[in-house]
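*Asks:* My questions all concern the structure below.
The values are calculated or read from the model by the stated rules, or taken from the named source; none is laboratory data. Keep in mind that this is a model prediction, so the values were computed, not measured. Cβ: placed from backbone, ideal geometry, glycine included. Neighbour counts: every protein chain shown. Accessible surface is based on the protein model in full, side chains and every heavy atom, while ligands, DNA and RNA are left aside. Shrake-Rupley method; radii C 1.70, N 1.55, O 1.52, S 1.80 Å.
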Amino acid sequence: EGMELRSEHPPGRAVALILLLCVSGMRAEIARYSVPEEAESGSFVANIAKDLGLTGEELSARQARLVPEGEKQYLQLNQHTGDLVVQEQMDREELCGQSEPCL
C-alpha cells in the first residue's frame, strides 16, 4: 500500500511475448508482440482475431484462450473481440533478470 514502483530502465523498454496460437481447426501459428514494461492494466496489445484472419465470433466459437507459463496471468484475451490487453503490469527484471532480449 502506498508503494511506488520505479523502473531504472529508460522509457520504452519492452517485454517481447511469443504466443503460440493454437486454435481448434487451424494449424498452430506463432505470433510475436512487444509490450512496454510500463504498459498499465487495460493497455491494448494486439487483436488476435485479426492477426489470425478470423472474426471475434469465430475466435470465440473456437474457444481461444491464454495459458500462462508461470503463476501470473499478465495478459487477458477478450474472446468476443479478439483483443489482447495487459491484465497486470509486467516487471521486466522480475521476468527476465538482466537477460537481453527479454522474451
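*Asks:* Go through the residues of region 46-58 one by one and say whether even a single one is open to solvent by less than 50 Å² (accessible area, probe 1.4 Å) and closer than 19 Å to Leu103 by Cα.
*Replies:* yes
*Asks:* Return the residues of region 70-87 that are in a loop (DSSP other than H, G, I, E, B) and open to solvent by less than 70 Å² (accessible area, probe 1.4 Å); say none if nothing qualifies.
*Replies:* Listed by number, the residues that qualify are Gly70, Gln73, Tyr74, Asn78, Gln79, Thr81, Gly82.
*Asks:* Please go through region 43-53 and give me each residue that is of a type outside the set (D, E, K, R) and modelled with pLDDT of 85 or more, ordered by number.
*Replies:* Of everything in region 43-53, those that are of a type outside the set (D, E, K, R) and modelled with pLDDT of 85 or more turn out to be Ser43, Phe44, Val45, Ala46, Asn47, Ile48, Ala49, Gly53.
*Asks:* Okay, moving on. For Ala64, all conditions in the list (1) assigned to a strand (DSSP E or B); (2) modelled with pLDDT under 85; (3) touching a helix residue (DSSP H, G or I) at 6+ places or on another chain (Cβ under 9 Å) hold save one; what is the number of the exception?
*Replies:* Answer for Ala64: the failing condition is (1).
*Asks:* Continuing with the same structure: Search region 72-98 for residues that are on the phi > 0 side of the Ramachandran plot and pair each with any residue that is assigned to a strand (DSSP E or B) when their beta-carbon atoms are under 9 Å apart and the residues are at least 6 apart or on different chains.
*Replies:* Gly82/Ala46; Gly82/Asn47
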